[in-house]
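The values are calculated or read from the model by the stated rules, or taken from the named source; none is laboratory data. Source: prediction; values computed, not measured. Counting neighbours? That spans all protein chains shown, and the Cβs are built from the backbone with ideal geometry, glycine included. Surface accessibility is based on the protein's heavy atoms, side chains included, excluding ligands, DNA and RNA. Shrake-Rupley method; radii C 1.70, N 1.55, O 1.52, S 1.80 Å.
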Amino acid sequence: MAQSPRAVMMVSPDHFRYNHETAYSNAFQKDSLLCEGQHVHEKAITEFNNLVNLLRGHGIQVFVFPSPKGKETPDAVFPNNWVSFHEDGKVILYPMLTPNRRLERRIEIIEELKKSFFVSDIIDLTAEEKNGRILEGTGSIVFDRQNMMAYANTSARTDKHLFYDVVESMGYEGIHFRATDENGKDIYHTNVIMTIGDGYAVVCKEAIHHDDAGEIINTLKSGALEVVEISFAQMNSFAGNMIELRNRSGEKFLLMSTQAFNSLSEEQKATLSRFGQLIHADISTIETIGGGSVRCMIAGIHLPRK
């Protein structure tokens with residue numbers, strides 16, 4: 001089972017701004033008076049379009065949708081948190097922590113994708129919001145599709161029990177762990193800490209609590225994955241928030257932000273380049289104000305094609 005999708009879904013940042021509702025649980029968001037105002041929105045749109053053009057220029061199929069009309073959705077550019085698309089045709093809708101992020105979910109996007117892909121079932125978990133059980137998609141869950149493993153770290157956005165319920169129902173074995181930043185604050189999403197591709201994993205071991213770190217690294221290595229460890233500084237530059245993609249010819253690419261690329265050592269770049277071409281885009285406004293990077297911006301489409 002391939003890690004990397006041949007098509008992706010993205011949502012343009014039409015209402016992009018600093019999201020005060022999410023900031024308390026996301027230490028990566030940075031509010032600056034110099035970054036407020038109309039130019040933030042314009043820069044975000046430019047960064048988004050440049051990223052889409054980069055992907056399409058490498059033959060990767062991108063389905064782009066606008067942000068929902070008539071709703072304030074400052075984080076709509078991060079659709080991987082509300083939906084995931086799977087090889088067996090299942091689509092999962094996830095419970096979100098904050099009210100304005102719940103507005104991002106749109107069944108019409110799934111209906112449009114049905115024209116090109118086979119959807120066998122839509123699993124709607126959103127009622128869990130009423131029970132306070134939150135699980136924010138492939139932000140909360142990092143899938144190792146080849147080894148049928150799934151990883152998640154504790155945070156306000158990731159309910160441990162719901163995580164196990166979901167991944168076990170999919171036939172995956174789950175590993176839940178604790179990870180914190182240098183200040184001891186829970187890291188808001190697992191996909192900031194780790195990336196898994198075909199044959200490799202990028203992990204910030206420093207962020208994972210000592211009691212859990214050994215199990216995580218050993219499990220990854222037992223799945224025949226070469227582990228590339230990154231530092232706190234590199235994680236804070238979003239070097240853990242990468243995603244492996246394939247184009248129509250089957251060529252593999254490891255997508256990251258320019259900030260993440262620049263944070264990597266030459267040795268790390270050389271190691272990762274053995275698995276696919278490294279490509280990157282400058283999305284510094286989206287990263288700074290939104291607190292997420294390229295992995296958050298992409299919902300990989302693993303659905304069977306019609």
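Quick notes on this structure:
- For Ala270, the conditions (1) open to solvent by 50 Å² or more (accessible area, probe 1.4 Å); (2) among the aliphatic types (A, V, I, L, M); (3) in contact (Cβ under 8 Å) with a residue 40 or more places away in the chain all hold with the exception of (3).
To keep it simple, each residue is scored yes or no on (1) among the acidic types (Asp, Glu); (2) at pLDDT 90 or above.
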{"site": "Ala23", "(1), (2)": "no, no"}
{"site": "Ser32", "(1), (2)": "no, no"}
{"site": "Gly70", "(1), (2)": "no, no"}
{"site": "Glu111", "(1), (2)": "yes, yes"}
{"site": "Ser116", "(1), (2)": "no, yes"}
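- Out of Ser120, Ser116, one residue alone is free of Cβ contacts under 8 Å to residues at least 40 places away in the same chain, among the hydroxyl-bearing types (Ser, Thr, Tyr) and farther than 27 Å from Ala233 by Cα. It is Ser120.
- Residue among Leu97, Leu103, Leu93 that alone is over 21 Å from Val52 (Cα atoms), open to solvent by 10 Å² or more (accessible area, probe 1.4 Å), in contact (Cβ under 8 Å) with a residue 60 or more places away in the chain and of a type in the set (A, V, I, L, M): Leu97
- Close pairs from segment 286-306: first in contact (Cβ under 8 Å) with a residue 24 or more places away in the chain and closer than 16 Å to Met242 by Cβ, partner surrounded by fewer than 24 Cβ atoms within 10 Å (Cβ to Cβ) and acidic (Asp, Glu), Cβ under 8 Å, at least 6 apart: Ile286/Glu47
- Screening segment 236-249 for residues that are open to solvent by 30 Å² or more (accessible area, probe 1.4 Å) and in a loop (DSSP other than H, G, I, E, B) and picking the one that is modelled with the lowest pLDDT gives Arg248.
- Annotation: of all residues in segment 59-75 being more than 18 Å from the chain's Cα centre (by Cα) and either among the β-branched types (Val, Ile, Thr) or open to solvent by 50 Å² or more (accessible area, probe 1.4 Å) (or both), the one that is farthest from Thr258 (Cα to Cα) is Gly70.
- Scanning segment 273-294 for residues that are buried (at least 24 other Cβ atoms within 10 Å of the Cβ), in a helix (DSSP H, G or I) and out of contact with any Gly (no Cβ under 8 Å at 6 or more places or on another chain) turns up Glu287, Ile289, Gly290, Val294.
- Neighbours by Cβ (under 9 Å, 6+ apart or cross-chain): first from segment 219-235, open to solvent by less than 20 Å² (accessible area, probe 1.4 Å); second assigned to a helix (DSSP H, G or I) and among the acidic types (Asp, Glu): Ile230/Glu206; Met235/Glu206
- Residues of segment 195-207 that are open to solvent by 10 Å² or more (accessible area, probe 1.4 Å) and either aromatic (Phe, Trp, Tyr) or outside any loop (DSSP other than H, G, I, E, B) (or both): Ile196, Lys205, Glu206.
- Selection status of Thr126, surrounded by 20 or more Cβ atoms within 10 Å (Cβ to Cβ) and in contact (Cβ under 8 Å) with a residue 24 or more places away in the chain: no
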